[in-house]
Amino acid sequence: MFNKILIANRGEIGLRIIRACHELGIKTVAVYSTADELSLHVKFADEAVCIGPPPSTESYLNIPRIIAAGEITNADAIHPGYGFLSESAQFSKICAENNFTFLGPAPGIISAMGNKAQAKKTMKTAGVPVVPGGDGVLSGFEDAREKADEMGYPVMLKASAGGGGRGMRLVQDGTEVESAYKSASQEALTAFGNGDIYIEKFIKNPRHIEVQILADVHGNTIHLGERECSIQRRHQKLIEESPSPIVDEAVRDKIGTAAVHAAKTVGYVGAGTIEFLMDKQKNFYFMEMNTRIQVEHPVTEMVTGTDLIKQQIRMYARLKCPKYLQDFKLRGHSIECRINAEDPANNFTPFPAKITSFHMPGGKGVRVDSHAYAGYQIPSQYDSMIGKLIVRAKNRDRAIIRMQHALEETIIEGPKTTIPYHQAIMENEKFKSGDFDTSFLETFIYNPID
């Protein structure tokens with residue numbers, strides 16, 4: 001097992017990793033920008049190193065400074081969390097070159113799965129169902145139009161190096177191809193430094209279902225069920241749950257087997273997620289693989305009774321996947337709401353401000369993952385998420401009721417937050433029925449109460 005782990009991240013995930021390490025008897029090192037000097041991940045780590053000013057490029061994305069922090073504190077491993085450098089093949093490679101264990105996949109696997117077009121081609125060859133579309137990267141908008149004409153409209157143009165909805169365009173007919181291709185490519189180039197685009201057939205109103213994977217170096221690869229991630233805005237998830245209300249045991253076995261096969265195909269080790277689109281007939285199609293821990297991992301923890309961060313660390317310490325997880329049983333239903341410092345009544349405008357009052361809910365089946373506190377100044381330079389509210393209950397109906405009460409108990413004064421928006425969704429009959437898809441929020445009407 002490791003002696004000391006440096007956490008190359010911030011906020012709630014930084015604090016989450018620190019807690020898991022401490023329970024495993026591992027010392028921790030926090031890195032922080034000057035904007036995060038008073039953050040809880042800095043306070044509760046065994047050691048903390050300032051790595052630069054607030055801009056991410058000068059701190060949390062600055063590889064030389066993170067490596068230097070690891071060297072001066074004698075860390076033997078680096079955990080990237082999610083976001084920032086978590087899916088950087090270059091960072092994984094540099095960690096290895098400097099004798100740090102990178103708590104993520106090898107550089108080759110990150111590169112293979114990070115290139116969405118190549119990943120899709122790999123999965124198709126392996127027999128994993130994929131969204132119909134052309135193989136590989138498009139050579140230009142003329143190539144895009146030719147392939148779109150062949151497969152029929154509507155189609156999706158997607159950034160090969162993309163994620164989070166960026167570099168993605170829906171094309172309804174041939175007249176839209178050129179402008180859609182150029183804007184998607186430029187957006188992808190700006191966001192990811194790579195303007196490559198690939199094409200897929202558009203699946204109308206699918207569900208977004210992802211499967212949690214754990215794999216050790218001894219050849220054991222398992223899945224821990226699925227997560228329902230269809231409640232999203234502009235391809236950004238807002239609410240996640242496990243299990244999915246439409247996935248029965250037969251479908252779970254089928255999609256879980258496909259996810260395990262996908263992970264084994266690329267020799268994956270660690271905690272990862274295989275993301276699928278599912279149509280109305282419950283056919284599912286590989287979309288992408290996330291080679292890191294996910295924001296929404298707590299809902300899987302709540303229904304399986306395992307600690308995914310601990311298991312992730314164990315996998316990279318070359319320990320075997322526990323036998324009890326290889327025959328897991330889902331226990332109840334879990335829902336997670338992402339609490340963001342945003343104004344949902346004003347197009348979700350970020351609302352960085354000082355938190356003047358902060359009270360989190362409690363009780364049976366209620367969990368809060370947050371780095372915020374009364375007096376905390378939310379930085380304007382980073383993601384607006386200030387916490388995650390997670391509940392578990394015997395079934396989905398009871399989980400919704402528990403979440404409603406937990407949201408009522410949550411008090412955050414100072415910034416505007418997404419709490420009232422989540423409350424409105426929990427009261428929505430369509431959401432309660434479980435009969436929704438990724439288009440849910442397009443027709444959802446939010447009436448804020450002043």
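So between residue 173 and residue 261, what do we pick up on full extension, going 0.36 nm a residue minus the alpha carbon distance?
28.1 nm
Quick check on the range 387-435: take the gyration tensor over C-alpha atoms, sort the square-rooted eigenvalues as a ≥ b ≥ c, and tell me if it's rounded (a/c under 1.5), prolate or oblate.
oblate
Determine which residues of the range 35-64 fall in the zone a paramagnetic label at residue 90 would reach in this model, i.e. backbone nitrogen under 14 Å from the point 7 Å along Cα→Cβ.
Under 14 Å, as judged by backbone N against the label point of residue 90, lie 57-64 of the range 35-64.
Report the relative contact order of the range 157-243, percent, no decimals, based on alpha-carbon pairs under 8 angstrom and at least 6 residues apart.
This gives 23 percent for the range 157-243.
Report the local net charge at residue 86: Lys and Arg +1, Asp and Glu -1, summed over other residues whose C-beta lies under 15 Å from its C-beta.
Local charge sum for residue 86: -1.
Want the number for residue 345 to residue 249: 0.36 nm per residue separation, take away the alpha-carbon distance, what's left?
Answer, rounded to one decimal: 30.6 nm.
Below 30 Å, Cα to Cα, which lysines can residue 394 reach? Residues fewer than 8 away in the same chain don't count.
237, 254, 280, 282, 310, 323, 329, 364, 430, 432
Let me check I've understood the local charge: for residue 320, count other residues with C-beta under 15 angstrom from its C-beta, Lys and Arg +1, Asp and Glu -1. What total comes out?
Spelling it out: positives minus negatives among the neighbours equals +2.
Give 201/388; 43/354; 121/264 a once-over and call out the pairs whose C-alpha atoms are over 25 Å from each other.
Flagged as over cut-off: 201/388.
Let me make sure I get this right: for the range 1-152, a, b and c are the square roots of the gyration tensor eigenvalues over alpha carbons, sorted descending. Under 1.5 in a/c it's rounded, otherwise prolate if a/b > b/c, else oblate. Which is it?
The shape class here is prolate.
Quick one: compute the contact order of the range 272-326, relative version, from alpha carbon pairs under 8 angstrom and 6+ residues apart, as a percent.
24
Among 234, 314, 169, which one moves the most in a GNM of the chain with springs linking Cα atoms closer than 10 Å?
Taking springs between Cα atoms under 10 Å, the residue moving most is 234.
What FRET efficiency would be calculated for the residue pair residue 447, residue 99, taking the C-beta separation as r and a Förster radius of 56 Å, to the nearest 0.05?
It comes out at approximately 0.50.
Using only the Cα atoms of the chain, build the gyration tensor, take square roots of its eigenvalues as a ≥ b ≥ c, and label the shape rounded, prolate or oblate: rounded if a/c is under 1.5, else prolate if a/b is larger than b/c, else oblate.
Note, shape of the chain comes out rounded.
Read phi for every residue in the range 196-206 and hand back ³J(HN,Hα) as whole Hz from Karplus 6.51 cos²θ - 1.76 cosθ + 1.60, θ = phi - 60°, with x for Gly and Pro.
5, 10, 10, 10, 9, 5, 7, 9, 6, 6, x
Name the long-range amide H neighbours of residue 339: under 5 Å, sequence gap of 5 or more, or other chain; modelled H, no Pro or chain starts.
Residues meeting the criterion, in which the H sits 1.01 Å from N, are 386, 387, 388, 389.
Go ahead and estimate [θ] at 222 nm for the chain from helices alone: -39,500 (n - 2.57) per DSSP H run with n ≥ 4, summed, over the residue count, rounded to 500.
Theoretical 222 nm ellipticity from helices: -9500 deg cm²/dmol.
Per residue of the range 242-249, in order, report the coupling 6.51 cos²θ - 1.76 cosθ + 1.60 (Karplus, θ = phi - 60°) as ³J(HN,Hα) in whole Hz, putting x for Gly and Pro.
The phi angles translate into 8, x, 6, x, 10, 9, 8, 4 Hz.
How many nm separate the modelled label positions at residue 374 and residue 24, each set 7 Å beyond the Cα in the direction of the Cβ?
Computed distance between label sites residue 374 and residue 24 equals 3.5 nm.
For residue 142 and residue 320, calculate 0.36 nm times their separation in residues minus their Cα-Cα distance, and state this gained length in nm to one decimal.
Full-extension gain reported as 59.1 nm.
No lab work stands behind these numbers, since they all come straight from the coordinates. None of these values were measured; they are calculated from a predicted model. We place every Cβ from the backbone using ideal geometry, glycine too, and count neighbours over all the protein chains shown.
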